[in-house]
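Down below is the structure, laid out as structure tokens.
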Amino acid sequence: MKSLVCDTPRELNYREINQPSLSPGQTILKIKRIGICGTDLHAFDGTQPFFSYPRILGHELAGEIVAMDGAEGFAINEKVTFIPYFNCGHCVACKNGKPNCCVDIRVFGVHIDGGMAEYISVPSYSLVHGEGLSYDELALVEPLAIGAHSIRRAEVRKDEFVLVIGAGPIGLGTMEFARIAGARVIAMDINNGRLEFCKNRLKISHTVNALEEDVKKRLIEITEGEMPTVVIDATGSLKAINNGFQYLAHGGKYVLVGLQKGEISFSHPEFHKREATLMSSRNATREDFEHVINSMKKKLVDPTNYITHRVGFEDLKEEFAKFKDPANGVIKAVAELN
Ligand SMILES: NC(=O)c1ccc[n+]([C@@H]2O[C@H](COP(=O)([O-])OP(=O)(O)OC[C@H]3O[C@@H](n4cnc5c(N)ncnc54)[C@H](O)[C@@H]3O)[C@@H](O)[C@H]2O)c1
Ligand SMILES: [Zn+2]
Ligand SMILES: [Zn+2]
């Protein structure tokens, strides 16, 4: 079968490899859609920490079951997605119901070979039913679940102001699930194109450009002086993360979904004064995947909003580098297989 391998940074090559055969506890999927994520683009660029090559990328996947073992309740030919973070099942996090931050986590397409191939083998425990959804929708469940998880972590309540900093695919999903939780959402970015997308496609009424406006003043206006009770970083920019602390209401929560390599610093008296809560949000759990799927079924979120670029799997190698260029306005690119 055909696979696309990232042999070294900036070098993708198609390679014929053996089709996976069925082993105990595994399911074989025929891949139908591959969503391209920032992680894949960073891996391609060689800027993804702790990444080893050669590697088959891709973890935002939708496919059809062609063979299975131990996949109770699933059927041959069923449309599915799966939770691509494989966990050990016995570490402290797994025991406490947090497989998303397993000590020994293996993310498909990151730590182990992923989904840029015609067929893959995944643990049957990771499967998620996709009945009633399209393959396009199913490929978007994972990136949306990241945002849904952060909103659940923050226990977002109806009518509270949630500021989401960063309107990339991850931040946009976060905004949608904040809205679904009933919050009043404020979108912040430095890219007007992305803020327009928030306004026009996601119907978010408050948008702030962090470079062009006096952010504190705008937030005071929007929240009538109270400031947002939840601030979520989805930029992965150290500068944006350090700045985010000052936008938080007294008693508020700051959730870091974005990730960067440096050390965060903030004023302890300012943090103390607010009795603020700081938390990170990593990956997502089955509960989040199911929440995303139910929200898609209820049409509360329209995943087709996000797909700005489509490509056949046979052209993915050629097109891949283009997805990184901001001039192309990519939000989500999806590769298709028949
Ligand atoms: N929590 C998780 O498990 C998880 C999963 C996937 C991705 N991530 C992380 O989420 C982050 C976002 O991912 P993405 O794919 O949406 O990235 P992206 O680069 O597409 O989007 C980031 C956005 O932040 C904006 N931005 C940058 N600096 C800013 C600033 N100073 N102020 C305001 N906005 C600013 C950019 O203009 C861009 O629109 C990354 O750090 C990524 O590593 C986390
Ligand atoms: Zn991803
Ligand atoms: Zn574990």
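The values are calculated or read from the model by the stated rules, or taken from the named source; none is laboratory data. These figures come from a predicted structure and were not determined experimentally. Because the Cβ atoms are built from the backbone with ideal geometry, glycine has one as well, and the counts that use them run over all protein chains shown.
Quick notes on this one:
- Figure legend. Inter-residue proximity from the stretch 143-166: first residues farther than 19 Å from Ser237 by Cβ and more than 10 Å from ligand 1 (Cβ to nearest atom), second residues part of a helix (DSSP H, G or I) and of a type in the set (Asp, Glu), beta-carbon distance below 6 Å, spacing 6+ or different chains. Indicated pairs: Ala148/Asp288.
- Within the stretch 46-63, restricting attention to residues that are at pLDDT below 95 and either part of a strand (DSSP E or B) or within 14 Å of ligand 1 (Cβ to nearest atom) (or both), the residue that is nearest to the chain's Cα centre (by Cα) is Gln48.
- Any hit, the stretch 208-223, residues being under 20 Å from the mean Cα position of the chain (by Cα), away from ligand 1 (no atom under 14 Å from the Cβ) and outside the structural domain of Thr39 (by TED's automatic domain parsing): no
- Lone unmet requirement of (1) under 17 Å from the mean Cα position of the chain (by Cα); (2) under 26 Å from Phe323 (Cβ atoms) for Arg201: (1)
- In the stretch 321-335, the qualifying residues are those that are under 19 Å from the mean Cα position of the chain (by Cα) and within 22 Å of Asn13 (Cβ to Cβ), and the one that is modelled with the lowest pLDDT is Lys324.
- Restricting attention to the stretch 74-109 and to residues that are among the β-branched types (Val, Ile, Thr) and more than 15 Å from ligand 2 (Cβ to nearest atom), the residue that is surrounded by the most Cβ atoms within 10 Å (Cβ to Cβ) turns out to be Val80.
- Among the candidates Leu202, Leu195, residue that is in a loop (DSSP other than H, G, I, E, B) and either under 21 Å from Arg152 (Cβ atoms) or modelled with pLDDT of 95 or more (or both): Leu202
- Here His272 fulfils each of the conditions (1) touching a residue at least 12 places away in the same chain (Cβ under 8 Å); (2) assigned to a helix (DSSP H, G or I) apart from (1).
- Residues in the stretch 29-45 that are under 22 Å from Ala145 (Cβ atoms) and away from ligand 1 (no atom under 14 Å from the Cβ): Leu29, Ile31, Lys32, Arg33, Ile34.
- Residue match in the stretch 110-130 (condition: part of a helix (DSSP H, G or I) and buried (at least 24 other Cβ atoms within 10 Å of the Cβ)): no
- Subset of the stretch 141-192 [charged (D, E, K, R), farther than 22 Å from Gln246 by Cα and in a helix (DSSP H, G or I)]: Glu142, Arg152, Glu176, Arg179
- Count of the stretch 93-108 residues, restricted to those that are of a type in the set (A, V, I, L, M, F, W, C) and not in a loop (DSSP other than H, G, I, E, B), is 5.
Every residue, every condition in (1) among the polar types (S, T, N, Q); (2) over 30 Å from Ile105 (Cα atoms); (3) out of contact with any Cys (no Cβ under 7 Å at 6 or more places or on another chain), yes or no:
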{"position": "Met227", "(1), (2), (3)": "no, yes, yes"}
{"position": "Ile264", "(1), (2), (3)": "no, no, yes"}
{"position": "Thr277", "(1), (2), (3)": "yes, no, yes"}
{"position": "Asp315", "(1), (2), (3)": "no, yes, yes"}
{"position": "Phe323", "(1), (2), (3)": "no, no, yes"}
{"position": "Pro326", "(1), (2), (3)": "no, yes, yes"}
{"position": "Leu337", "(1), (2), (3)": "no, no, yes"}
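- Arg184 being at pLDDT 95 or above, among the basic types (Lys, Arg) and assigned by TED's automatic domain parsing to the domain that holds Phe245: yes
- Selection of the stretch 6-24 for residues being touching a Lys or Arg at 6+ places or on another chain (Cβ under 7 Å) and without any contact (Cβ under 8 Å) to a residue 60 or more places away in the chain yields Cys6, Glu16.
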